[in-house]
Amino acid sequence: MIFIKHNKHEKKTEKIITSRPERNARNNNPLFAFLVLLCGIFGLLLYFASIPGVYFEKAPVYAAAAVWCAAFAFLFYRGRKYFYIASVCAAALVLLTAVFCRGLLAAQIDYLSDALTGAPAAEPPSVTLLVLAALPVISAVLPPITAAFGSIAPIAASPLIIAAPMLGAEKSAPALLLIAVSAVGSLALGSKESGGREKAAALSCALLLVLIAVSAAFVCPSVDRLGELTNAAEGKIFRFIAEKTGRSADMVQGGKVSRFNNYLTDREQLIVQITRYPKEPIYLKGFVGGDYNKGEWEAADDTSILNDIQNKYQNNWGILGITNTYSSLFFSMNLNTIDDTIPYPASMSVRYISSEGKNYYVPYYSRVDTIYVYGGYRFQYYEKDDMRINWNNVPRMYEPKRDQCLNLRAAYYAEAKDIYTRVPENRLPRLRALCEGKEFESLAEITDFIKNTLNERTEYTQTPGWSTPGGDPVEEFLFDRGRGYCVHYASAAALMYRMFGVPARYVTGYMIEPSDFERQKYGTYNAALKDKNAHAWVEIFLQDYGWTPVDMTPPENGETEGEIYPGYSEPEKDEPNGGINLNINLIPKNRGESGTDIQENIENTETAESEEQIRDYAAYERTEKPIRTAAKIILPLALLIAAALLITRKIRRKKRAGCRAEFAYLLDALNAAGVMRGYDGTEPEFCEKLSEALPEADPSALRRAVAAVMTAAYGKNPPSGDDNAFAIKTCRGAVSMIRKSMPIYKRFVFTIKNIF
Amino acid sequence: MKKILLVLFAAAAFYLGGAYRFTPLLVFAAAVVLLLPVMFILSRVLRKKTDVRFARPEYSAEKGSEAVVSVICENGGKLPVTRCRADISAAYPNSKPSKIKFQIGADANSEQTKEIEIKAPCCGLIELKIEKLNVCDWLNIFAAPKKCGAVCHAAVYPKEQEFDLSLAPSQGMSGFAERPGLRGGSDTEIKSLREYEHGDSARLIHRNLSARTGELWVKELEKQADFIAELYLDMSGADNAEPQKISLFYEVLSALTAGLLKNAAAVRLFYKSGEERRLTARSRGDIRAALLELYKTDPKSFGAAEAPSGGITLGLDCILSRDGKPIKKFRSKDFDAENGVLEI
């Protein structure tokens, strides 16, 4: 709009005092600036190299970094014109590299993306070319940015420093030190005044180093205590939030292996009532884990296994169907075994307190009795000690059923053996290395090995600290932190069992100690389960028990004394497979070896399908994923920067234009409201029309404001400060009135339009 | 802002360091926590030996031009001061001050000078004051306030112009101590002849010589030692007048005095500041000295100098009058146009 032309000289005429640029402004000493820059770049490279899965050739990269840094620092501070030429040349060089080596660069971006998103390869491929290509860009960009905005260096360095543990950069201390020194040096150098900047920057860096040394002397011996301090604070916040949001009543969740601390709220979640006081802890399983991937167990899908079996054998599973037959198989066999020492099964009812029906908790060796009794369900169950199945000693009339159960058990095991021994070995390189080459003769030896490994390497705590988002929580638990709680013990044990070819599953649910039960008036026993009863354990498949809990979690105050499967205490009699060959491989399992003939047909077709899926996934991971990941980061960042620039520019322009900008805004508002279209403020009758359009406004104020705007736009001298301020205030008030009179959608459109 | 960011960084680093049991992060958090008091103390230490002042107490400029004022940061300590933030204000009397935030630093045991520009739109005295001074630490986290009352003045003089006065001998100026004929001619002794310069009165052109040589020559007249012009000033209301109004008054006064000086050996300016006072100008330099004297006088004390009968008075509203009768009213927009022959 012509009326609102910006007057370049306005500011000069308004302000009688201005700061004068220094005639002989002293530039930074290029040598010192170079050192600061070099510190920063070397820090970045060291930081980069300390991220697990990132590898590059050190010698050429550090040499190139030094050369680029030196060139750009000296050119920037001593030959600005050549600096820009060199920057353009460097950009061209990077572009050429990108064009001619795009395949290699794309692959390296792919590797890097994998490393940063927590899927490092066992032997990380080199990303040297990528780093070499990035170096000139970083070296060219840093000097002008730090010279213009001294504060940007520490602002940029802070997230890097804070993100180090999240990226798993355990050995990044020297890198962080260099980055911090460079940031502080840049901050002190960035001061536009020329009062001993280099000296101050050098002293600041030295001071920082001294403070870091002093801090290290105090902090290093008490890292755990400080960690406990943060845990205490975090725990309080967690409990407060859990109480306020009602999450404390939520029951045991799914198969995610926690990367955080475990805080208990002591809130009751479940009521269990039994008819007989237990002799041993009772395990109620809620979630059963199948495949393990990136720190999470997928739910085990027994139904599909049983459906496959049903399709294959076309057997008559009776009224219960194969699923229910299987779920109560071992209970029924124990119930029908002729043995006077086996007691009558106990009864258990489970009742929810708040979050009804979220999970379904089942005791081992049980059969569903009634569903939805008093807001829960009821089982008949045996304790482990009461399980004495004798497959050959059942009533004659039960023998056909027994044979059917035997076949079902064999078929199920044949399927489960492959499914529940799957381990993503490429993602668990350290665990694979730990188990590789070990040869055991029995399940007891395997269990011993697992138990000893956990005892030697780990320590039980509810607050082990956080594990890195990209890393594997089980590997970190075993090899880095050495601290964890039940979910970590159970996951590690399940994976190790599987590594040795023993079908094992991760289970979460509740463990109820006998002491948790209280005798009730009618002879029953009740236990109110709190989150302290929530537990995770591993289950293995035994021939006379089916899936049996194996608790590898040590008690909080002692060494491992967990629940061990039947027969473990007598290794010489350890024949858990009984009459059926469970085909346990006691050496690390070789993929592709099938167990039974039943398996082979399914396996051949499934393997082909899964290989294709894996190829597709690999292709996706190689091509689309890095691009999407980069896009996810770069696009929002670019949008944010653009928005910030836009807003800054707008504010600056508005400030410079003074009352004219507000008047332009008023004209826009009038146009948007559909009032006084075509007017631009120069019309003689403008004030009159405006007063008519805005009856609430003071006509004399409007006239004065318009006169001030006219003076600003066309006058020889700008309006006085008071007039300018008055005009701004009046225009704003008028816009506010117009906005109020607009319909909502018009107001919204006007607001959005105004933003851009 | 930096303080908040640093505290947030320390808190985040401590929390994440503790949560991940990541020693370097805990060390950084502790170092930042230590850095804050160290920088706070540093800013106080630097403050002790640092001072900011103006290089000179007085500056001068011509209206419409720029005056350059030097500001000195003096650091008597052994540590460099990278940043002192000073709020400097500049204001004419009776006007709102214009302020800038000024930053300066100085190396150890040294002085650093930086300059500020004063734009002078009006005649008068601009007072420059360092209102607030903060000495920052090296990382610019803390700023220690320091008392600083440094003041300097910039006198803005009118442009050098003069009215071409035509004083009729019959009327004369009763304010003159003596009244010789001022028209030039045979009764006035010619001191010398010189080439015409811009601004010379047309009356002084030596027509015969100019006609003969083809170039303009002007006569320089011998002034009488006892020939003194008197001008009475009425500056009442100066304490409430806008700077632009006072500026015009000073411009008229300057041009009038310069014009009178062409015809008289001296000009006496009578004004009232509590009591009757007078200033005498014998040269252009004296005019500026007289103006400075007026600039420095408290505007509230100004009044109207009593002119004798037939005396010429110049009022603050730029009306030249004799015996209360206006002779001429000067206006800002046609001040240049009025710079012709003024018949009084």
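Coordinate-derived values only; no laboratory data. The structure displayed is predicted, hence computed values, not measured ones. Note: ideal-geometry Cβ built from the backbone for every residue, glycine included; neighbour counts use all protein chains shown.
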Checklist entry - For segment B:50-157, treating each Cα as an identical point scatterer without solvent, what Debye log10 I(q)/I(0) comes out at q = 0.14, 0.21, 0.23 1/Å? => result -0.54, -1.03, -1.17
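Can you give the FRET efficiency for A:T341 and A:Y398, using 1/(1 + (r/R0)^6), R0 = 22 Å, r = Cβ-Cβ distance, to the nearest 0.05?
Taking R0 as 22 Å, the efficiency between A:T341 and A:Y398 is 0.75.
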Checklist entry - When the Kirkwood hydrodynamic radius is evaluated over all pairs of different C-alpha atoms of segment A:269-394, what value in angstrom, to one decimal, is obtained? => result 16.4 Å
Next on the checklist: If you split all Cα-Cα distances of segment A:26-223 into 10 Å bins from zero, what percentages do you get per bin, shortest first?
Outcome noted: 9, 32, 34, 20, 5, 0
Next on the checklist: 7 Å from Cα along Cα→Cβ at both A:D698 and A:V141: what's the point-to-point distance in nm?
Outcome noted: 5.3 nm
Checklist entry - What whole number of Å gives the distance from the Cα centroid of segment A:534-549 to the Cα centroid of segment B:295-310? => result 110 Å
Checklist entry - Using alpha carbon centroids, what distance separates segment A:698-756 and segment A:268-284, in Å? => result 75 Å
Checklist entry - Tell me, what is a quarter of the convex hull surface for the C-alpha atoms of segment A:212-326, in nm² with one decimal? => result 14.0 nm²
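How many percent of Cα pairs in segment B:2-47 exceed 13 Å?
When every Cα pair of segment B:2-47 is considered, 55 percent fall beyond 13 Å.
For segment A:141-191, what number results from the quotient of the Cα radius of gyration and 2.2 N^0.38 Å? Display every interim value, and only then the final one.
Values: Rg = 11.6 Å, N = 51, 2.2 N^0.38 = 9.8 Å.
Taking the Cα Rg and dividing by 2.2 N^0.38 Å, one obtains 1.18.
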Next on the checklist: Restricting the calculation to Cα positions, tell me the Rg (one decimal) and the Dmax (whole number) of segment A:657-703 in Å.
Outcome noted: 10.2, 27
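Write down the Kirkwood hydrodynamic radius of segment A:658-755, to one decimal in angstroms, obtained as one divided by the mean of 1/r over all alpha carbon pairs. Intermediate results must be reported in sequence, preceding the final value.
Values: mean 1/r = 0.0742 Å⁻¹.
Result for segment A:658-755, one decimal place: 13.5 Å.
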Checklist entry - What residues have an amide H closer than 5 Å to that of A:Q269, excluding those fewer than 5 places away on the same chain, when H is modeled at 1.01 Å from N in the peptide plane? => result A:L529, A:K530
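What length, rounded to one decimal in nm, is gained on full extension from A:D266 through to A:V88, with 0.36 nm per residue of separation minus their alpha-carbon distance?
Values: separation 178, 0.36 × 178 = 64.08 nm, distance 6.41 nm.
Roughly 57.7 nm would be gained on extension.
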Next on the checklist: For a quick check: with amide H placed at 1.01 Å from N, whose amide H comes under 5 Å from A:Y55's, ignoring anything fewer than 5 positions away on the same chain?
Outcome noted: A:V127
Checklist outcome for this item: Given 25 °C, 0.890 mPa s and a Kirkwood radius over Cα pairs, the Stokes-Einstein diffusion coefficient of chain B in µm²/s is 100 µm²/s
Next on the checklist: With angles folded into 0 to 90 degrees, how steeply does helix B:23-48 sit against the dominant principal axis of chain B? Use alpha carbons for both and round to 10.
Outcome noted: 30 degrees
Checklist entry - For the Cα atoms of chain B, what angle does the longest principal axis make with the long axis of helix B:243-263, in degrees from 0 to 90, nearest 10? => result 40 degrees
Item to check | Rounded Å value of the spacing that divides the Cα centres of segment A:439-497 and segment A:31-73 | outcome: 38 Å
Checklist entry - ³J(HN,Hα) across segment A:267-276 via Karplus (A = 6.51, B = -1.76, C = 1.60, θ = phi - 60°), whole Hz, x for Gly/Pro? => result 9, 6, 10, 8, 10, 10, 10, 10, 9, 9
Checklist entry - Amide H of A:H535: which non-local residues (sequence gap of 5 or more, or other chain) have their own amide H closer than 5 Å, using H built in the peptide plane? => result A:G509, A:Y510, A:M511
Item to check | Karplus-derived 3J(HN,Hα), 6.51/-1.76/1.60, for each residue of segment A:210-221, Hz, glycine and proline x | outcome: 5, 5, 5, 4, 5, 4, 4, 4, 8, 7, 3, x
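What's the average, rounded to a whole number, of partner chain beta-carbon atoms within 10 Å of each residue's beta-carbon in B:36-44? List each step's numbers first, then the result.
On the way: counts 0, 0, 4, 2, 0, 0, 4, 0, 0.
The per-residue average across the peptide is 1.
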Checklist outcome for this item: Each residue of A:390-400 has, on average, a number of other protein chain C-beta atoms within 10 Å of its C-beta equal to 0
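Work out how much length B:K325 to B:A11 would gain on full extension: take 0.36 nm times their residue separation and subtract the Cα-Cα distance, in nm to one decimal. Intermediate values should be presented prior to the final figure.
Values: separation 314, 0.36 × 314 = 113.04 nm, distance 8.00 nm.
Full extension of this stretch gives 105.0 nm more.
Taking 0.36 nm per residue of sequence separation and subtracting the Cα-Cα distance, how much length would be gained by fully extending the chain between A:I237 and A:A59, in nm to one decimal? Walk me through the intermediate numbers first.
Details: separation 178, 0.36 × 178 = 64.08 nm, distance 4.76 nm.
Result for the pair: 59.3 nm of gain on full extension.
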Next on the checklist: Taking the 0 to 90 degree range and rounding to the nearest ten, how far is the long axis of helix B:2-20 tilted relative to the main principal axis of chain B, both from C-alpha atoms?
Outcome noted: 10 degrees
